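I'd like to ask some things about the structure below.
The values are calculated or read from the model by the stated rules, or taken from the named source; none is laboratory data. Everything numeric in this text was worked out from a predicted model, so none of it was measured. Glycine also receives a Cβ, built like all others from the backbone with ideal geometry; neighbour counts cover every protein chain displayed.
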Amino acid sequence: MSESPVRKPAVIRRRFPMGWLVLGLLVLAGLIFAVIRKNAPVQLSVTTPTVFRAGERNPLVSASGYIVARHRATLSAKVPGRLDWLGVEEGSRVQKGQIIARLEAPDLEASRDQTQANLEQAKADLVRGEALFKDGILDRSSLEHLRTNKDTLVAQLRYQEALLENMVLRAPFTGTVTQKLSEVGETVSPGTAGGANAINAVAVLADFDSLEVEVEVSENGITKLRKGMPVEIRVDALDVDPGAKPLRGELREIYPSSNRQKAVVLVRVAFKEKNPHLVPDMGAKVTFLGEPYPRDVLILGREQVVRRKGQPYVWGLEQGVAALKPIAIVAENPIGYEVTGLDPGTSLLVLLPDTKLEPGTRVKVKDR
């Protein structure tokens, strides 16, 4: 019987608790970071209130739309035919009555020439017939037949000249070609529908002197508008230039109908100031102006105004900290609120959607 090995008493090794130490350090670092972040200044941009000086007009309604030409036409031939000559390209400037294109018409030209020759012969026969009638050789019935034959050929020649004129396309008004829709050799035909997409049309002509802005105004704001009222027009393509100023215009026409789906009314605005870079279909924003302000007025954007217990305030910057400044709203316009109780030079904080701010929070102004 073998002897069992002698078991040694278990040795309990006491190890240093490193895991708990690391966890404690992480918690401590998180607390320190939270305190630092809480006390760190918030980086925000600052601005000042918009000031309308006495004499400047009150903005009533704003709307967006596109530049259109009041005089615009899609040109097509009066009769079907093959395009023989085209004298314009995109951007060509044409005068009223100028020939833009011609259709092939060799058969009509040959028929016209034949009728012209027959007419010359008929005129000569009539001259001889009148001489013979005076001499008593030709009777009156034969003379009248010669005159009728001559008049008939004159009418035929006029008709054939009209047919040939139908093969010529002329500009109906002075303007600029904005689209060339056909090329020489293509068959064109009278347009059955207007617009730039008319089938077999030749070109689109627009009068740039009649450019205006077409906008959609809400039915709620249409009562504030009247014909002839001044407007400011900002064209999106021109606003990219530094220091770009709005163009002056006036309300030309309010359409006598409404869009029942969108609850809007179409309004046409004419330019009183022109820019050589304006072309149809450019986007534009229009502000309809009311009566001039009798005194200086401060305007704040709607996003700048905050409400606490129903009272309007605005976030300002005072000695490096955020402060709520009480204001009074006296009116509203398309730009924002007309307010009082605020100094025009007050530094206002520009808050981001996720900015959380409390009075007394330190603020660091962002560099512009």
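Okay, residues lined up against (1) in contact with a helix residue (DSSP H, G or I) (Cβ under 6 Å, 6 or more places away or on another chain); (2) modelled with pLDDT of 85 or more; (3) not assigned by TED's automatic domain parsing to the domain that holds Lys227:
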site	(1), (2), (3)
Pro276	no, yes, no
Val279	no, yes, no
Ala284	no, yes, no
Pro312	no, yes, yes
Gly320	no, no, yes
Leu324	no, yes, yes
Asn333	no, no, yes
Thr355	no, no, yes
Glu358	no, no, yes
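Does Lys285 fit the bill of being under 17 Å from Ala206 (Cα atoms), surrounded by 11 or more Cβ atoms within 10 Å (Cβ to Cβ) and charged (D, E, K, R)?
The answer is no for Lys285.
OK, next. I'm told Lys224 meets every condition in (1) surrounded by 13 or more Cβ atoms within 10 Å (Cβ to Cβ); (2) within 27 Å of Ala263 (Cβ to Cβ); (3) not hydroxyl-bearing (Ser, Thr, Tyr) except one. Can you identify the failing condition by its number?
(1)
Residue under question is Ser210, and the condition is that it be out of contact with any Leu (no Cβ under 6 Å at 6 or more places or on another chain), among the hydroxyl-bearing types (Ser, Thr, Tyr) and either within 17 Å of Ala73 (Cα to Cα) or modelled with pLDDT under 85 (or both); does it hold?
Here the answer is yes, as Ser210 does meet what is asked.
Starting from segment 210-238, take each residue that is within 17 Å of Lys272 (Cα to Cα) and part of a loop (DSSP other than H, G, I, E, B) and list its partners that are β-branched (Val, Ile, Thr) and at pLDDT 90 or above, counting only C-beta distances under 7 angstrom and pairs at least six apart or across chains.
Here the result reads Lys227/Ile254, each pair linking segment 210-238 to a residue that is β-branched (Val, Ile, Thr) and at pLDDT 90 or above.
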